[in-house]
Every structure is written in structure tokens, then in C-alpha cells.
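Worksheet: one structure, shown below.
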Amino acid sequence: MKRSCRIVSALALIVAYLSLLAGCGSGGGAGTTSQTSLSQPSTYSISGTVMEGGTALPGVTVTLTAGGPGPQAVTNASGFYSFSGLPNGQYSVTPSAAGKSFTPTSYTVMINGADSPNNNFTAVPGYNVTGVVTVGTSTGPGLPGVTLTLTGASLAAPVTATSDANGNYSLGGIANGTYTVTAAAVGFVLAPSSIPVTVTSADAPGNSFIATPAYSVSGSVTLASPAGPLMDATLTVTGGPSLVTSVSATTDAGGNYSVSGLVNGIYNVTPSNQSQFNAQSHLLTLYTFTPPNQVVTVTSANVPGIDFVSTATTTNAYTVSGSITGGVISVPSGTFILGGVRVVLSSPTSTTSVTTTTDANGNYAFAGVPNGAYTLSVVNFTTGHCPSPILYTFSPVSQSITVSGADLPVSTFAENVGREGCSIPI
């Protein structure tokens with residue numbers, strides 16, 4: 001009996017000791033200890049299903065991104081996918097599967113303290129946009145390695161493919177819609193430049209391109225004095241069967257240039273360089289070229305050595321400036337438009353003219369004008385439309401000015417606002 005009492009007493013002492021420790025941990029002040037509970041930050045999940053024709057679609061790869069490529073999940077037999085352990089933030093969810101397209105193409109998901117379920121996708125049949133790239137003619141040999149790109153408003157991103165050894169290509173998984181196919185290959189010009197394609201519940205074959213070998217014209221531009229390369233000169237190529245508009249290149253630090261993408265044909269190469277005006281010294285530097293241009297024939301090979309020599313000359317030049325001010329308003333509710341007005345400087349000794357536009361306050365300036373006689377004029381314009389267009393005219397109509405060893409800052413025009421006459425068909 002005494003032994004049992006001793007056991008109970010020992011247990012009582014242990015319980016009392018543990019209670020004392022608990023009391024010390026829960027109180028404050030000197031001689032106490034505190035216990036801190038560490039909790040992990042909360043995370044959440046994004047999930048959904050992928051269906052096709054009302055049936056779950058397994059094996060679809062779903063990619064999660066958040067500012068960059070992220071993890072991937074694959075739908076299970078029930079078409080279900082899930083990403084877990086995600087902190088608060090914005091994510092993008094995009095499905096992909098061979099031969100399939102999806103509605104929607106992706107989801108933007110914002111997690112804010114809760115899971116995001118039901119980000120569901122529907123797979124729709126994907127069709128193929130196909131064609132062939134041949135060299136020279138439509139019956140020529142196929143061209144491998146051509147990059148084909150399909151773009152369209154319904155695509156989350158362009159779809160690309162590369163032509164095979166026979167020049168054939170296929171862009172798969174394309175849903176119904178309107179698209180554009182473009183082709184690109186180093187060393188070739190592709191025709192047409194692009195092909196519009198409409199996919200309507202069937203494959204779209206026959207979107208073919210013809211590749212023509214392309215070559216380059218290159219050379220250098222040097223300064224006559226001081227001798228050395230001329231950087232930033234522009235070489236413009238016109239003519240030839242492949243150019244709808246001109247193409248150009250700029251010389252590098254060594255004065256070298258190269259214009260590529262030229263098929264066989266006859267071209268004209270013309271050099272030019274921006275004049276340079278120093279307003280403080282009133283010096284204008286102009287560049288002329290020898291020869292002024294060269295005719296080049298491209299015949300199945302690159303054409304190097306099309307070189308030019310530039311001569312720089314300087315002349316005194318100055319700044320012609322002025323402003324457009326408010327004149328007379330003769331229509332109700334008329335207002336002045338002082339910004340963006342075109343001012344023209346022309347010379348009686350030249351067939352060319354220079355145009356500038358006024359700033360928001362109506363001010364304009366022509367920099368680098370050599371000594372001589374010139375004519376200033378302002379281009380009239382209209383706003384609105386029949387039956388009540390507004391006509392903006394300027395007075396005087398033009399001004400004759402003479403630049404003679406100094407800036408000319410006082411050429412002012414008055415803007416007049418009136419009614420423009422127009423006829424309305426009955």
C-alpha cells in the first residue's frame with residue numbers, strides 16, 4: 001500500500017512540474033520564455049478539364065507559365081489536369097496536342113487566396129495547311145530548310161514548320177479560320193511574299209511558293225580628302241525584277257556596304273549622304289559622289305566591288321525661321337490650327353524644295369540654308385467635309401527672302417480660317 005502511494009506521489013510531482021513549465025511559457029515579463037509558431041505560406045491550385053465532343057480527352061499537355069516557361073501537366077483518363085503548390089499571382093494556362101486546336105487557346109488565371117478550378121478547354125479538330133516550295137518554277141526541284149510561318153487572329157502564337165528534303169511542308173492542328181502563310185529562306189527570294197489561307201472544316205493544301213536564288217551587290221565608299229572610309233553613307237538600289245520598291249544599305253565604320261536579296265537582273269546603285277550643318281560655325285558640309293551612280297547586272301552570282309568616292313565641300317549656311325500666327329476667323333466656332341502646318345522653302349535656281357512642319361506653337365525653322373534668294377510658302381489645308389468643310393489659308397501667300405551672311409528669324413505668316421466651297425451630288 002505504501003508503494004502505490006509513492007508512485008502516485010511521483011506522478012503528481014511530474015504533472016505539477018509540467019504545469020509549472022506551461023505556466024512559465026504562457027506568461028510575460030522577466031524570467032519567462034516564449035514559444036513561436038512557424039507557419040508555411042499558403043499555396044493553392046489551378047485545375048480544369050479538357051473535352052472533345054463531350055468526351056474527356058486524355059494525353060493533352062497543359063503548360064503553366066508565370067512570366068516565363070513553367071511546369072507542365074498531362075490530362076488523365078478523365079481529361080483532368082491540376083497544378084498545385086502555387087502562391088498568389090497571375091498565371092497563364094495553355095493546352096497543346098498534336099492535330100488539335102483548343103477553345104479558348106489559353107486562360108489567364110489570377111490566384112488570390114483561393115484555388116482556381118474549372119479552367120476548362122474544348123478540343124476541336126485541327127486541320128493541315130500544306131504546300132511545297134520549289135526553286136525557279138512550280139515544277140522545279142523542292143527546296144528544303146525553308147521556314148513557313150502561319151499567323152492569324154485566332155492563334156495564340158504563330159505556327160511554324162520547315163520544308164522537308166522535297167520542299168513539302170505541313171502546318172498542323174489548325175482550327176477553322178482565316179490565316180496568312182509566309183516563307184523565308186536565306187539566299188532566296190520567295191514568291192508570292194505571302195498566301196492568305198481559309199480553313200473551313202478541311203485541310204488546306206496547295207499553298208506553294210517559288211524560290212528564286214538571290215545575290216548581293218557590295219562595295220565601299222571612301223572620302224577623297226581626307227582619305228578614309230565614309231561611314232553612314234546610304235546606298236540605294238532600284239530596278240530589277242524583284243524590287244517593287246527600292247532597297248538600301250548603310251556603310252559601316254569601314255565604309256563597306258552590302259545589299260542582298262537581289263535576283264538576276266539589272267539594277268541601279270546610287271550613293272547619298274546627309275548634309276551636316278554646324279549652327280555655331282554656320283558651316284554646311286555637302287557630299288558629292290564619283291560616279292553619281294552605277295548600273296549593275298546580277299547574273300547568278302554576287303557582285304562585289306561597286307565602289308564610290310565622296311568629296312566633301314563646305315559652305316556658309318544659316319537658319320531661316322518664323323511662325324504661323326492667328327489671322328482672321330470668318331466662320332462660326334472656327335479655331336486656329338497652328339501645329340503641323342507645312343512650310344515650303346524653294347529656290348529659283350533649283351527644281352527641288354524643302355518642307356518642314358510647325359511645332360505645337362506654330363514655330364518652324366530651316367537649318368543649313370546657304371546664302372541666296374528663296375521663296376517661302378505655306379500649304380493650305382482643309383478640315384471636315386461637305387457640306388461644311390473649313391479652309392485654312394495663309395497671308396501672305398508667299399514671301400521672297402534673301403539669306404546673306406546671317407540667320408533670318410522673322411518670316412511670319414497669318415492663318416485665316418474660312419469656309420471651303422464644295423458641291424454635293426443630288
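What to note about this one:
- Charge dipole of the chain (Cα centre as origin; +1 on each Lys and Arg Cβ, -1 on each Asp and Glu Cβ, all else neutral): 1520 debye, rounded to the nearest 20.
- Build a GNM of the chain with springs between Cα atoms under 10 Å apart, and of 68, 187, 255 the one that fluctuates most is 68.
- The range 356-406 and the range 149-210 have Cα centres separated by 50 Å.
- Charge dipole of the chain about the Cα centre (unit charges at C-beta), most positive-ward option of 213, 374, 66: 66
- Annotation: the residues 134, 299, sorted from fewest to most other C-beta atoms within 10 Å of their own C-beta, follow the order 299, 134.
- Seen through its C-alpha gyration tensor, with square-root eigenvalues sorted a ≥ b ≥ c, the range 317-419 comes out prolate because a/c lies at 1.5 or above while a/b is bigger than b/c.
- Computed over the chain: relative contact order in percent, which uses C-alpha pairs under 8 Å that are six or more apart: 9 percent
- Part-to-part distance (alpha-carbon centres) for the range 38-108 and the range 290-344, which is given in Å: 56 Å
- Label point distance in nm, residue 276-residue 110, each placed 7 Å from Cα along Cα→Cβ: 5.4 nm
- Label-point gap, in nm, between residue 260 and residue 354 - each point 7 angstrom along Cα→Cβ: 3.7 nm
- Considering helices alone, the calculated mean residue ellipticity of the chain at 222 nm is -2000 deg cm²/dmol, with DSSP H runs of length four and up weighted by -39500 (n - 2.57) and normalised per residue.
- Our coupling estimate for the range 379-391, obtained by passing each phi through the Karplus curve with A = 6.51, B = -1.76, C = 1.60 and θ = phi - 60°, is 7, 5, 8, 10, 10, x, 8, 4, x, 9, x, 10, 9 Hz, Gly and Pro reported as x.
- Translational D in µm²/s for the chain (Stokes-Einstein at 37 °C, 0.692 mPa s, Kirkwood Rh from C-alpha pairs): 107 µm²/s
- Between the listed residues 348, 102, 159, the Cα displaced farthest toward the positive end of the dipole of the chain, a dipole computed from Cβ unit charges relative to the Cα centre, is found at 102.
- Per-residue Cβ neighbour counts within 10 Å put 385, 282 in the sequence 385, 282, beginning with the fewest.
- Cut-off 18 Å (backbone N to label point 7 Å along Cα→Cβ of residue 182), residues of the range 153-176: 153-163, 171
- Summarised as an ellipsoid, the range 215-306 has semi-axes of 28, 13, 10 Å, derived from the eigenvalues of the Cα gyration tensor scaled by 5 and square-rooted, with the largest first.
- The order of 225, 272, 220, going from fewest to most other C-beta atoms within 10 Å of their C-beta, is 225, 272, 220.
- Within the shell defined by Cβ-Cβ distances under 14 Å, the residues around residue 340 carry a net charge of -1, with Lys and Arg each +1 and Asp and Glu each -1.
- Principal-axis tilt of helix 2-26 within the chain, Cα atoms, nearest 10 degrees: 20 degrees
- Considering only alpha-carbon pairs that sit under 8 angstrom and 6 or more positions apart, the relative contact order computed for the range 127-213 is 39 percent.
- With the simple spin-label model, which puts each label point 7 Å out from Cα in the Cβ direction, the residue 194 to residue 395 separation comes to 5.1 nm.
Laboratory data are not the source of any read-out in this text; all were calculated from the coordinates shown. Since the model is a prediction, treat every value here as computed from it, not as a measurement. Glycine gets a Cβ as well: all are built from the backbone with ideal geometry, and neighbour counts include every protein chain shown.
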